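Here is the structure we will look at.
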Amino acid sequence: MLRIVSALSAVAALAACTSSGSVKQGSGPELVDNEEALVMPPPGGPAIVGVIGRTRGNGAEQTISLATSSTVQGQNYLKIAFFGGSGSQDGPSMTYRSLSEGDLRREIARAAPGVPLVRSTAFLQNAYGPFGYAFGRSRSGDACLYGWQQIRSRNGSGIGRDFGMIQIRVRLCDIQATERQLLAVMYGYTVTGGFQGEIWNPYGHPGGVDSRIGQTGQPIYPAAEAVPQTISFGYSSPVATTRPATPVRAKVREASPSVPAERIDGPRVPLPEIGAAPAAPVQSSSAVAVPGKASGGETVTVPSPDCIGATVMTAACSTKGN
């Protein structure tokens, strides 16, 4: 018995000496190079800040942090999860949950704290299929969008049918962007990952070629409106634009003795001839009668300063004498 115990001790000692003693890294989240992101934002931005990935027992998931220029709490991101047949043997499996109204409401409420996001009822579709989004603005005017999409396999049969699936979540808040600019990210991102095996293909079979190609009598014209592929927002201070002054034409009112009336092109009315109708002397506030040395002892009517330079002669501005 003593010999057996000694032999086991010797074997254990030899095993301890031959082991490498290397450290084994866990299957938790880890930093990934930006080039290895499973989904890329559209050309022009928003830029990738960092990527955190994790391999699961039945797939993989990544959170791609995006550049953020907003006063709203939180970070812009693209989240993607691949649900497949197998992944890492060490990590736990992801729990598959289909899209439901309750889950979406909770996700929208957590996406941008304090921002009332309203879900769009419009049916929208990008290159990977239908998607949905909610949009709103904060009290300070920041535009926020939360989008979701599920790319699901519908080809093949058997146990793997409809199990090859990709789920994407997008959170964007920007102090300068519009709803259209944020929505362009939902149309412009590119999924770079995929599954091994045709039965897990979540994208479906490629579409057929347009039947008009190569046929006579079938002209093909350029698209009426191209979708912009470059997005630029939120990364530079707004440039103050000065609106050109619009010339305002003053309304022509009754001619004032002190301000000459604006010239208007149109039919001209001839002025009355001088002396055609003698103007009766009228005492008014615009003329002051003072005794003068004119011949005959006539009263000289001195025009008020308002009548000097007048273009329209009225009875109140008529003068006698010198």
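Among the candidates 91, 57, 87, 45, which residue alone is surrounded by 12 or more Cβ atoms within 10 Å (Cβ to Cβ) and either at pLDDT 90 or above or within 19 Å of residue 185 (Cβ to Cβ) (or both)?
Exactly one residue qualifies, and that residue is 45.
Hey, any hits in segment 120-132 for a residue that's under 16 Å from the mean Cα position of the chain (by Cα) and surrounded by fewer than 20 Cβ atoms within 10 Å (Cβ to Cβ)?
Yes: segment 120-132 contains one or more residues that are under 16 Å from the mean Cα position of the chain (by Cα) and surrounded by fewer than 20 Cβ atoms within 10 Å (Cβ to Cβ).
Name the one entry in 195, 233 that is at pLDDT below 90, surrounded by 16 or more Cβ atoms within 10 Å (Cβ to Cβ) and in contact with a helix residue (DSSP H, G or I) (Cβ under 8 Å, 6 or more places away or on another chain).
None of the others qualify; the one that does is 233.
Out of all the residues in segment 74-83, is one or more over 20 Å from residue 148 (Cα atoms) and at pLDDT 80 or above? Step through it out loud before you land on a result.
Start the filter on segment 74-83 by keeping residues that are over 20 Å from residue 148 (Cα atoms), which leaves none.
No, because not a single residue in segment 74-83 is over 20 Å from residue 148 (Cα atoms) and at pLDDT 80 or above.
The values are calculated or read from the model by the stated rules, or taken from the named source; none is laboratory data. For clarity, every value in this text was computed on a predicted model and none was experimentally measured. In this analysis, Cβ positions are derived from the backbone assuming ideal geometry, glycine residues included, and neighbour counts consider all displayed protein chains.
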